[in-house]
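What follows is one structure encoded as structure tokens, with my remarks underneath.
The values are calculated or read from the model by the stated rules, or taken from the named source; none is laboratory data. Source: prediction; values computed, not measured. We place every Cβ from the backbone using ideal geometry, glycine too, and count neighbours over all the protein chains shown.
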Amino acid sequence: MNEAPIFPKTYDLLRWLVPATLKYPREHRYALALRTQQAAFDFNELIVQARKTRSRRDLLVQADTKLEQVRLYLRLALDLNLLTIRQYEHVSREVSGVGALLGDWMKRTGGAAPNAP
């Protein structure tokens, strides 16, 4: 079975993100780490749901919102020195790759591209 590339890319993102956020200091682990993980897991759940339905547009827009939250939380983690610049650059490339795949999917399904006015 040919799987859309967004699914393994999202899995790779989650596989990196969970252990990285668990290394946050305790005072950030339960707020920022948990929110980052939850937004990423919510994103994954939304794209899986979108794959299983014909009415994808709303789910993909919600997924785009969750991915934007992940970006924000990662930027905050960098600013709070919870991630090194190298870690941030790596995860930013991963998130951007997933975002590009999501944007392509949204265009193919007739939805607005992410960050479109």
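Of all residues in the stretch 43-60, those that are buried (at least 17 other Cβ atoms within 10 Å of the Cβ) and part of a helix (DSSP H, G or I) total 7. Taking each residue of the stretch 12-36 that is loosely packed, with under 13 Cβ neighbours inside 10 Å and looking for partners that are among the aliphatic types (A, V, I, L, M) with beta-carbon atoms closer than 8 Å, six or more apart or interchain, yields 22/33; 25/82.
The single condition from (1) at pLDDT 95 or above; (2) outside any helix (DSSP H, G or I) that residue 21 fails is (2).
Residue check: residue 99 meets all listed conditions (1) in a loop (DSSP other than H, G, I, E, B); (2) surrounded by 16 or more Cβ atoms within 10 Å (Cβ to Cβ) but one, namely (1). What do you reckon, is residue 13 in contact with an Asp or Glu (Cβ under 6 Å, 6 or more places away or on another chain), part of a helix (DSSP H, G or I), farther than 22 Å from residue 109 by Cα and modelled with pLDDT of 95 or more? Judged against the criteria, residue 13 is a match.
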